[in-house]
Amino acid sequence: MATDVLHHQPLMPHLLIEGLNRFHDEPCLFLGDKVASYREVRETTSQMVQALQSKGLGVGSRIAVISANRPEVLSNIAAMQLNGCIGTPLHPMGSLDDHAYILEAAEIDTLIFDASAFSDLARALEQRVPGLKNLLGFGPSKVGDDYLALAAGFPPKPLLAPDVSPDDVASVNFTGGTTGKPKGVMSTYSVTSYMTQIQLAEWEFPDELRMLIATPLSHAAAAFLIPVLQKGGAFYVMQRFNPVAFFDMVEQHRITCTMLVPVMLYSLLD
């Protein structure tokens with residue numbers, strides 16, 4: 001082992017494993033009428049890690065994700081990290097042209113999609129983007145493979161960190177394209193690790209962390225995954241944003257922290 005490894009800071013995969021292993025039957029995710037414990041998220045993550053590996057995906061594989069808010073999204077985010085894949089989120093409200101451009105620009109080889117909402121989009125992207133080799137659906141679809149069924153065939157195993165270095169690219173996120181074409185922003189493992197450390201050190205997260213997620217879990221909300229796990233908190237995820245439902249959830253679950261984008265904040269102030 002090279003001696004410089006001794007000086008590496010913990011990277012996102014290490015922080016993720018430590019966070020998921022710290023708790024067991026405590027609630028981790030609330031979405032609709034479904035509640036998933038830390039143990040359940042950890043075991044589903046392990047199964048998804050193995051499912052991705054069975055498709056030949058590992059360190060450096062480039063994966064894009066588009067999905068409505070559903071429980072499997074959280075475990076998939078973790079599974080991609082633990083396989084060393086380079087992740088690119090697609091915004092659920094983006095256009096076909098924008099999605100095709102992003103897949104080509106980021107050299108995406110695998111698309112993970114919500115089969116109940118984006119099967120038609122996945123089929124269209126398969127036809128538009130020659131480099132797209134794998135399509136994995138959250139559920140059965142006429143296009144691609146059923147990712148959930150594939151994952152269910154593997155027994156849960158202990159989570160292991162991939163062999164990645166701080167300078168390896170962890171994700172490619174695209175801007176909104178307000179000044180032209182969307183631009184890909186590459187983040188290394190060291191960047192995402194330092195971002196998390198800043199969040200935990202500088203942001204005033206409450207001791208009892210019950211975080212309401214009103215944005216797409218597969219998109220911007222993923223930035224809060226590690227801080228919430230490290231604090232032993234739980235995610236309360238809205239399937240779609242609605243101001244009345246937002247305040248109802250705050251009252252019902254005694255929410256202590258939330259994430260909004262400006263347009264949502266404005267609607268709450270109306």
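Extension gain for Asp120-His253 works out to 44.3 nm (0.36 nm per residue, less the C-alpha to C-alpha distance).
For the residue pairs Lys183/Lys231; Lys142/Lys181; Lys34/Lys157; Lys34/Lys183, the C-alpha atoms sit more than 28 angstrom apart in Lys183/Lys231; Lys142/Lys181; Lys34/Lys183. Please compute the net charge surrounding Lys181, taking Lys and Arg as +1 and Asp and Glu as -1 over other residues with Cβ under 12 Å from its Cβ. Spelling it out: positives minus negatives among the neighbours equals -2. With only Cα atoms counted, the range 1-145 has Rg and Dmax values of 16.3, 50 Å.
Can you compute log10 of I(q)/I(0) for the range 181-264 with the Debye formula, treating each Cα as one identical point scatterer, at q = 0.14 Å⁻¹? The Cα Debye sum returns log10 ratios of -0.54. I want to verify the translational diffusion coefficient of the range 104-247 in µm²/s; compute it with Stokes-Einstein, Rh as the Kirkwood radius over Cα pairs, at 4 °C and 1.567 mPa s. Calculated translational D: 71 µm²/s.
The magnitude of the dipole of the chain, with charges of +1 and -1 set on the Cβ of Lys/Arg and Asp/Glu and taken from the Cα centre, is near 360 debye.
Give the percent of DSSP beta bridges with both residues in the chain that are antiparallel, rounded to the nearest 5. Can you show the working numbers first?
Working: 9 of 35 bridges.
Here the antiparallel bridges make up roughly 25 percent for the chain.
Using only the Cα atoms of the range 47-93, build the gyration tensor, take square roots of its eigenvalues as a ≥ b ≥ c, and label the shape rounded, prolate or oblate: rounded if a/c is under 1.5, else prolate if a/b is larger than b/c, else oblate.
Verdict is oblate for the range 47-93.
A Cβ-based charge dipole, computed about the Cα centre of the range 122-242 with Lys and Arg at +1 and Asp and Glu at -1, lands at about 600 debye. Just to confirm a number: summing +1 for Lys and Arg and -1 for Asp and Glu over residues other than Val191 whose beta-carbon lies under 14 angstrom from that of Val191, what do you get? It works out to a net charge of -2. Kirkwood hydrodynamic radius of the chain from all distinct Cα pairs, in Å? Mean inverse Cα-Cα distance, inverted, gives 19.1 Å. DSSP loop (so not H, G, I, E, B), at most 16 other Cβ within 10 Å: list which trypsin sites (Lys or Arg not before Pro) in the range 99-169 pass both filters. Here the trypsin sites (Lys or Arg not before Pro) that fit, given the DSSP loop and packing criteria, are Lys133, Lys142. Here is the list for the range 161-261: chymotrypsin sites (Phe, Trp or Tyr not before Pro) lying in DSSP coil, each with at most 12 other C-beta atoms within 10 angstrom of its C-beta, are Trp203. The Cβ shell under 9 Å around Leu136 holds other residues with a net charge of -1, Lys and Arg each +1, Asp and Glu each -1. Surface analysis of the range 156-240 yields an accessible area of 50 Å² per residue, using protein heavy atoms and a 1.4 Å probe.
Helix content alone sets the calculated 222 nm mean residue ellipticity of the chain: runs of n ≥ 4 DSSP H residues at -39500 (n - 2.57) each, divided across all residues, give -12000 deg cm²/dmol. Shown is the FRET efficiency for Arg240 and Val35, computed with R0 = 25 Å from the Cβ-Cβ distance and rounded to the nearest 0.05: 0.85. Which of Thr110, Thr175, Thr88 moves most in a GNM of the chain, Cα contacts under 10 Å? So, out of Thr110, Thr175, Thr88, the one fluctuating most is Thr175.
The values are calculated or read from the model by the stated rules, or taken from the named source; none is laboratory data. Fair warning: this is a prediction, and the values are worked out from it, not measured in the lab. When we count neighbours, we look across all protein chains shown, and the Cβ atoms used for this are built from the backbone with ideal geometry, even at glycine. Note: areas computed on protein heavy atoms with side chains; ligands, DNA, RNA excluded. Shrake-Rupley method; radii C 1.70, N 1.55, O 1.52, S 1.80 Å.
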